[in-house]
Amino acid sequence: MIVFIFDSCSFLNEYLYTKKPSLFLYKDTMDGQFNEFGMKALQCHQLGFSESDITSFIDRLIKGTNDPMAERKEHFYQTYLVPPNHKSASMNIFEEIQNVLK
């Protein structure tokens, strides 16, 4: 199983495309650093504040426990990440260029 343990805000949204279990290592210095969209993405990841949080996360995965954030991830994915018209970004761009050139 592929999982992701990270502390970089850059991956908050990107990793949600995979819908895989994830643990974001949160630091108190991050309080107030996220905009509304970032907060919604953050709420889709389990948060780790300590070494024991990391250990618990890994233990749950080893035991085969389902991702408790799976439902939130799916909702976020459907609401914010699915491209318009349920087509790939490149197909949407291609079709838009075709429409403009008609």
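Derivation of every value follows stated rules applied to the coordinates shown; laboratory data play no part. Not measured: the values here are computed from a predicted model. For neighbour counting, all protein chains shown are included, and Cβ atoms are generated from backbone atoms with ideal geometry for every residue, glycine included.
Whole-Hz Karplus ³J(HN,Hα) for the stretch 45-61, in order, using 6.51 cos²θ - 1.76 cosθ + 1.60 and θ = phi - 60°, x for Gly and Pro?
So the Karplus estimates, Gly and Pro as x, are 10, 5, 10, x, 10, 8, 4, 5, 5, 5, 4, 4, 4, 5, 4, 4, 5 Hz.
Subtract the Cα-Cα distance of I58 and Y80 from 0.36 nm times their separation in residues, and report this length gain in nm to one decimal. Walk me through the numbers on the way to the answer.
Values: separation 22, 0.36 × 22 = 7.92 nm, distance 2.79 nm.
Here the answer is 5.1 nm.
Which of the aspartates and glutamates could a cross-linker bridge to K19, judged by Cα under 17 Å and excluding same-chain residues fewer than eight apart?
By straight Cα distance, K19 reaches D67, E71, E74.
Have a look at the chain and give its Rg and Dmax from the Cα atoms, expressed in angstrom.
In Å, with Rg to one decimal and Dmax whole: 16.9, 60.
For K63, list the aspartates and glutamates whose Cα falls under 18 Å from its own Cα; do not include residues on the same chain fewer than 8 positions away.
Partners found: D53.
I want the local charge near E74. Using Cβ-Cβ distances under 14 Å, sum +1 for each Lys or Arg and -1 for each Asp or Glu among the other residues. It would help to have the intermediate numbers written out before the result.
On the way: positive: K19, K20, K40, R72, K73; negative: D67, E71.
My count for the surroundings of E74 gives +3.
Using a Förster distance of 22 Å, how high is the FRET efficiency between E51 and K20, based on the Cβ-Cβ distance and rounded to 0.05? Intermediate values should be presented prior to the final figure.
Numbers: r = 22 Å, r/R0 = 0.99.
E(calc), rounded to 0.05, equals 0.50.
K27: which lysines have alpha carbons under 18 Å from its alpha carbon, excluding same-chain residues fewer than 8 sequence positions away?
K40
Among K20, K87, K40, which one shows the biggest mean-square fluctuation in a GNM of the chain, springs joining Cα atoms closer than 10 Å?
In this elastic network of the chain, the residue with the biggest mean-square fluctuation among K20, K87, K40 is K87.
Anyone know which of H75, H86, H45 comes out most mobile in the 10 Å Cα GNM of the chain?
Greatest mean-square fluctuation among the candidates belongs to H86.
For the chain, what is the relative contact order in percent, using Cα pairs closer than 8 Å and at least 6 residues apart in sequence?
Values: 77 pairs, mean separation 26.8, N = 102.
Averaging sequence separation for qualifying contacts and normalising by length gives 26 percent for the chain.
Can you compute the charge dipole magnitude of the chain about its Cα centre, using +1 on each Lys and Arg Cβ and -1 on each Asp and Glu Cβ, nothing else charged? Give it in debye, rounded to the nearest 20. Walk me through the numbers before you get to the answer.
Details: 10 positive and 13 negative charges, 77 e Å.
With only Lys, Arg, Asp and Glu charged at Cβ, the dipole is about 360 debye.
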